[in-house]
Ligand code: GLU
């Protein structure tokens with residue numbers, strides 16, 4: 001059982017697009033608040049906009065939440081005492097609540113069409129006035145006039161009767177006191193002519209019925225909050241606490257959008273970002289962690305440190321490089337077994353597979369071989385995306401060659417001669433048909449350099465480029481051990497021409 005004060009928070013996405021990083025951060029902060037306080041995290045799908053809501057978006061939201069590990073205590077699939085959690089399945093609830101407000105004279109029918117409103121807006125603005133969204137025209141209809149229009153089959157929406165005077169305010173959890181003059185808060189629509197509730201109305205009814213204690217959402221909703229508070233007031237309900245988080249900007253400090261790069265959770269997953277790294281980075285976005293804090297945290301540490309008071313009230317810029325850095329740090333902290341699990345599908349996806357003919361000691365299966373490859377890579381395994389290019393030479397002969405490195409270190413007569421010499425020495429020293437350790441390769445390389453009267457480096461550099469295609473790699477003798485003598489000889493001879 002939750003303590004009586006345990007918060008109930010929700011993430012309430014509209015399934016009209018993918019799960020954007022902004023939405024993911026909102027979901028995460030609500031989840032963190034619930035988890036850090038022993039509260040309840042609810043997922044509610046706001047799908048009353050029938051034209052824009054799609055099954056694909058609903059699926060993408062659930063997939064994104066699951067990928068991030070943001071499990072919900074109540075919501076789709078999880079169920080719960082306040083369901084259903086899809087607004088499209090709650091229409092009778094909104095109907096009953098509308099009836100209550102209508103019976104009490106707090107909501108009224110509005111017969112204005114979109115064209116009527118546009119025409120009146122034009123008239124007001126042409127006369128130099130300010131159009132706030134509605135002018136209260138139908139508020140003054142008598143019960144008889146209204147009934148006559150209904151009887152004539154005139155389509156109508158429902159609007160909330162809002163006060164003309166006074167102020168509506170709340171103490172925001174993020175930005176302190178917010179205050180709006182009621183005079184500028186127009187009688188917005190709460191139920192549309194098609195009978196569907198507007199976001200404003202369904203959101204308030206559900207937040208109340210679901211016992212939501214804290215509404216944490218993006219500050220694009222600040223302008224909705226005063227109207228929602230008026231709906232609470234009309235029902236005689238106490239509003240929850242509100243916290244509006246600043247929006248996420250792109251690196252150029254304009255609102256984050258697709259032109260900045262990836263913005264959907266699915267895209268980050270495809271880019272090889274680990275869920276733990278994404279959660280870590282999103283938590284840091286808009287959260288003042290303080291000078292003492294280590295920024296790289298697993299989710300348990302984030303839950304422990306989380307506090308609403310630490311939410312920044314200034315917009316945060318999304319930094320793709322920092323996300324890559326946090327991701328690399330998370331990969332570094334994985335155990336060898338976890339790295340193996342991460343790398344396996346990437347290797348398999350390339351169609352790469354271990355071959356016993358490579359003659360590598362201790363590698364008697366694909367997994368064992370990959371584990372050893374990853375061990376030589378160490379912390380240079382920093383991205384799932386660059387992994388294939390880092391390990392391609394272990395798995396086949398068509399690995400990428402850095403042309404400049406090849407030209408400098410291999411494509412000279414001197415280098416070619418040394419590589420031919422080395423191939424001969426290796427063949428003579430290392431019995432065929434068996435695996436050889438790094439130390440065995442090393443002895444031959446050093447002895448050959450001595451025999452040629454050149455520093456070992458003059459042999460090692462060409463050798464590395466011939467075997468790996470690049471000048472940087474793990475220790476060359478470990479590489480030789482893992483490539484295995486048959487392939488080492490073949491590559492050296494190919495390079496020697
Ligand atoms: N369905 C709204 C949205 O996706 C929810 C806003 C809220 O949290 O109240 O923006």
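The values are calculated or read from the model by the stated rules, or taken from the named source; none is laboratory data. Bear in mind that the values here come from a model prediction, so they are computed numbers and not experimental data. Positions of Cβ are generated from backbone atoms using ideal geometry, with glycine treated the same way; all protein chains shown enter the neighbour counts.
Is there a residue in the range 221-244 that is closer than 15 Å to residue 315 by Cβ, free of Cβ contacts under 8 Å to residues at least 12 places away in the same chain and within 15 Å of the ligand (Cβ to nearest atom)?
No, because not a single residue in the range 221-244 is closer than 15 Å to residue 315 by Cβ, free of Cβ contacts under 8 Å to residues at least 12 places away in the same chain and within 15 Å of the ligand (Cβ to nearest atom).
How many residues are in contact with a strand residue (DSSP E or B) (Cβ under 6 Å, 6 or more places away or on another chain) and either closer than 20 Å to residue 44 by Cα or part of a helix (DSSP H, G or I) (or both) when one looks only at the range 71-114?
Residues meeting the conditions: 10.
Inside the range 191-218, can you point out the residues that are away from the ligand (no atom under 15 Å from the Cβ) and touching a helix residue (DSSP H, G or I) at 6+ places or on another chain (Cβ under 9 Å)?
Within the range 191-218, 191, 195 qualify.
Which one of 396, 433, 378, 424 is surrounded by fewer than 19 Cβ atoms within 10 Å (Cβ to Cβ), touching a residue at least 24 places away in the same chain (Cβ under 8 Å) and over 48 Å from the mean Cα position of the chain (by Cα)?
433
Name the one entry in 184, 167, 150 that is at pLDDT below 95 and away from the ligand (no atom under 16 Å from the Cβ). If you could, list the steps in order and put the result at the bottom.
Details: 167 fails: at pLDDT below 95; 150 fails: at pLDDT below 95.
Testing whether each residue is at pLDDT below 95 and away from the ligand (no atom under 16 Å from the Cβ) leaves just 184.
If you scan the range 438-455, which residues turn out to be touching a helix residue (DSSP H, G or I) at 6+ places or on another chain (Cβ under 7 Å) and surrounded by 15 or more Cβ atoms within 10 Å (Cβ to Cβ)?
Result: 438, 441, 442, 444, 445, 448, 449, 452.
I want to confirm something. Restricting to the range 32-66 and keeping residues that are more than 10 Å from the ligand (Cβ to nearest atom) and within 14 Å of the chain's Cα centre (by Cα), which single residue is farthest from residue 5 (Cα to Cα)?
Out of the qualifying residues, it is 60.
Can you pull out the residues in the range 115-148 that are out of contact with any strand residue (DSSP E or B) (no Cβ under 8 Å at 6 or more places or on another chain), under 16 Å from residue 187 (Cβ atoms) and part of a helix (DSSP H, G or I)?
116, 117, 120, 121, 124, 140 - these are the residues of the range 115-148 that are out of contact with any strand residue (DSSP E or B) (no Cβ under 8 Å at 6 or more places or on another chain), under 16 Å from residue 187 (Cβ atoms) and part of a helix (DSSP H, G or I).
Can you tell me which residue is nearest to residue 209 (Cα to Cα) among those in the range 1-31 that are under 19 Å from the mean Cα position of the chain (by Cα) and assigned to a strand (DSSP E or B)?
Result: 10.
With the requirement that a residue be in contact with a helix residue (DSSP H, G or I) (Cβ under 8 Å, 6 or more places away or on another chain) and surrounded by 15 or more Cβ atoms within 10 Å (Cβ to Cβ), what does the range 62-82 give you?
63, 64, 65, 67, 68, 70, 72, 73, 76, 82
Just to be sure before I move on: is residue 256 farther than 30 Å from residue 39 by Cα, in contact with a strand residue (DSSP E or B) (Cβ under 6 Å, 6 or more places away or on another chain) and surrounded by 13 or more Cβ atoms within 10 Å (Cβ to Cβ) in the structure I sent?
Yes, satisfied.
Can residue 483 be described as within 43 Å of the chain's Cα centre (by Cα), more than 23 Å from residue 357 (Cβ to Cβ) and in contact (Cβ under 8 Å) with a residue 40 or more places away in the chain?
Criteria not met by residue 483.
Kindly establish whether residue 48 is at pLDDT below 95 and under 27 Å from residue 191 (Cβ atoms).
Against the criterion (at pLDDT below 95 and under 27 Å from residue 191 (Cβ atoms)), residue 48 qualifies.
Within the range 261-268, can one find any residue that is closer than 20 Å to residue 41 by Cα, at pLDDT 95 or above and buried (at least 22 other Cβ atoms within 10 Å of the Cβ)?
yes
I'm checking my understanding of the structure. Among residues of the range 12-23 that are near the ligand (Cβ under 10 Å from one of its atoms) and within 14 Å of residue 63 (Cβ to Cβ), which one is surrounded by the fewest Cβ atoms within 10 Å (Cβ to Cβ)?
Among residues in the range 12-23 that are near the ligand (Cβ under 10 Å from one of its atoms) and within 14 Å of residue 63 (Cβ to Cβ), the one surrounded by the fewest Cβ atoms within 10 Å (Cβ to Cβ) is 17.
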